[in-house]
1. Compute the distance from the alpha-carbon center of the range 269-305 to that of the range 5-26, in whole Å.
2. Compute the FRET efficiency between ILE151 and PHE95 as 1/(1 + (r/R0)^6), taking r as their Cβ-Cβ distance and R0 = 25 Å, and round to the nearest 0.05.
3. For the range 42-158, state the average projected area of the convex hull of the C-alpha atoms over all orientations, rounded to one decimal in nm².
4. Determine the per residue accessible area of the chain with all protein chains present and a 1.4 angstrom probe, expressed in square angstrom.
5. Compare the peptides 187-193, 134-140 by average per-residue count of other Cβ atoms within 10 angstrom and give them in order, highest first.
6. Any chance you could get the radius of gyration and Dmax over the Cα atoms of the range 175-223, in Å?
7. Pairs of lysine in the chain with Cα under 30 Å and at least 8 positions apart or on different chains: total?
8. If you consider only alpha-carbon coordinates, what radius of gyration and Dmax does the range 1-91 have, in Å?
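The values are calculated or read from the model by the stated rules, or taken from the named source; none is laboratory data. Just so it is clear, the structure is predicted and the values come from calculations on it, not from any experiment. Reconstructed Cβ throughout: ideal geometry from the backbone, glycine too, with neighbour counts over all protein chains shown. Areas reflect the complete protein model, heavy atoms only, side chains present, ligands, DNA and RNA absent. Shrake-Rupley method; radii C 1.70, N 1.55, O 1.52, S 1.80 Å.
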Amino acid sequence: MSMREAVAAFVHDGATVAIEGFTHLVPTAAGHEIIRQGRKDLTVVRMTADIVVDQMIAAGCVSRLVSSFVGNSSAGSLGELRRRIERADPEPLAFEEYSHYGMVCRYLAGSQRLPFYPLRSYGGSDLPGVNSDLRKVTSPYPGPDGEPEQIYVVPPVNPQVTIIHAQRADRRGNTQIWGLTGIQAEAVYAAEKAIVVVEEVVEDEVVRSDPNRTLVPSHAVDAVVVCPRGAHPSFAQGYYDRDNAFYRAWSHISKDPGRLREWLAEWVYGTADHAEYVAKLGEDVWAGLAVGEALSEPVNYGRRL
């Protein structure tokens, strides 16, 4: 599908939408299309809420955020998100906070259709004081000291749709990722529907030649969207580098509500699609983000003689 078609088909007002990609392969282009289509009252689930979430909040798409990290990834703050949470300006944003591992466990529970997932790392933490969904249950097995043990659990997350970005897929939706793989596969399995955005669609033989890179198989995918450079300003390992200058600039843009809305008007509402956004950035920017080859060694999977 095109990005416009996929968002129109699977992202609806009031939906819970997971947007995953850890450090690289952030589905920025998908977030921009959600903004263009004017979606409202979304619950956005994202482990590392970053620039694209800030933009979606500023555009009025998000009423609730579920996350374990909020920030401009080593470059500063998210101005719109801070205004909403700290001062309810221009309106409040509901925020559910977890640890990184707590979010991983929520996706694991959701993907396995479990009622909850246990973890020890909330013991002694302040998080249970700000999130009532972090609860304790009695383990059916004795603890290390042989006595009954109380252990924290987190609830599953089952989004209406999960959106991920990846390097490549075949036409059936078998999706391959390398580099930082994050929690994308579990986020897809946890959801009712899944949109996979890729840098390129390749022939079946390419995927079959390297099956261990297939993190998301075709039966879990509802739409494949080809969107080159669709993760900018994050990076796609092997395709283009992280736009650090953009990350640094965003702290200043998002600090000023008027400037932020001007940016949205020019770069999101003012572009018909991501291809126009890419062209608007200009070839000088992309030349600066170009990457060279760093090939892995061939692997012999073997075949029957």
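1. Answer, in whole Å: 21.
2. Details: r = 25 Å, r/R0 = 1.00.
Plugging the Cβ-Cβ distance into 1/(1 + (r/R0)^6) gives 0.50.
3. On the way: hull surface 33.5 nm².
Approximately 8.4 nm², given one-decimal rounding.
4. Details: 14390 Å² over 305 residues.
It amounts to 47 Å² per residue over the chain.
5. On the way: 187-193: 23.0, 134-140: 12.9.
Highest mean packing first, the order is 187-193, 134-140.
6. Radius of gyration, then largest Cα-Cα span, for the range 175-223: 10.8, 29 Å.
7. On the way: LYS40/LYS193; LYS40/LYS255; LYS40/LYS280; LYS255/LYS280.
Close lysine pairs under the 30 Å cut-off: 4.
8. 12.5, 40
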